[in-house]
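Working notes, structure below.
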Amino acid sequence: MRDRFTAEMKEALKAGDKRKLATVRLIQAALKDKDIEARGAGKGQSTDDEILALLQKMIKQRHESLAIYEQNNRPELAQAEREEAEIIASFLPQQLDEAETRAAVEAAIAETGAASMKDMGKVIGVLRAQYAGRMDFSKASALVKERLPKG
């Protein structure tokens with residue numbers, strides 16, 4: 001993935017695509033911060049799964065900012081956030097659709113034997129391990145809550 005970021009940055013630089021160039025640089029800076037943090041904890045470089053999680057977090061931040069800008073009638077800032085989110089999302093693998101997410105949740109519930117909301121952490125853990133970077137975990141959490149009885 002790191003090589004892809006470098007290649008995309010070079011391509012954006014040659015094409016004069018300032019938005020893409022700035023966004024890829026943001027990704028690389030966030031990744032460098034994560035690597036420094038990992039070294040401090042005695043770990044090596046971030047894995048591809050950790051990079052995917054970082055990208056998803058960055059997209060979520062962009063969507064939150066986008067909503068705030070739209071509420072405050074700042075369409076030019078909202079558009080910038082939307083474009084950044086799209087560029088970041090282009091590095092993620094194909095996302096699961098609603099039906100695939102629902103099926104994955106059902107399979108994870110069956111696999112863990114989850115019987116109540118107390119088991120939600122186990123289910124989400126299995127989903128994160130199997131679908132890192134390919135699933136919107138906020139939607140998956142809602143499906144798990146909908147599916148598991150309280151108690």
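Report, by residue number, each residue of region 107-148 that is among the acidic types (Asp, Glu) and surrounded by 14 or more Cβ atoms within 10 Å (Cβ to Cβ). Hits for region 107-148 are Asp119, Asp136.
Ala129 - would you say it is part of a helix (DSSP H, G or I), under 24 Å from Thr47 (Cβ atoms) and modelled with pLDDT of 90 or more? Taking the combined requirement at face value, the residue does not satisfy it. Scan region 2-45 residue by residue and report those that are surrounded by 15 or more Cβ atoms within 10 Å (Cβ to Cβ) and touching an Asp or Glu at 6+ places or on another chain (Cβ under 6 Å). Selection gives Thr23, Val24. Out of Ala103, Ala80, one residue alone is surrounded by 14 or more Cβ atoms within 10 Å (Cβ to Cβ), in a helix (DSSP H, G or I) and out of contact with any helix residue (DSSP H, G or I) (no Cβ under 7 Å at 6 or more places or on another chain). It is Ala80. Every listed requirement among (1) surrounded by 12 or more Cβ atoms within 10 Å (Cβ to Cβ); (2) in a loop (DSSP other than H, G, I, E, B); (3) at pLDDT below 90; (4) not charged (D, E, K, R) is met by Gly151 save one, (1). If only residues of region 50-68 that are touching a residue at least 12 places away in the same chain (Cβ under 8 Å) and more than 10 Å from the chain's Cα centre (by Cα) are counted, the one that is surrounded by the fewest Cβ atoms within 10 Å (Cβ to Cβ) is His63.
For region 52-67, taking the residues that are of a type in the set (A, V, I, L, M) and touching a Gly at 6+ places or on another chain (Cβ under 8 Å), the one that is nearest to Arg82 (Cα to Cα) is identified as Leu55.
The values are calculated or read from the model by the stated rules, or taken from the named source; none is laboratory data. Note that the coordinates shown come from a computational prediction; the quantities given were computed from them, not determined experimentally. Neighbour counts run over all protein chains shown; Cβ positions are idealised from the backbone, glycine included.
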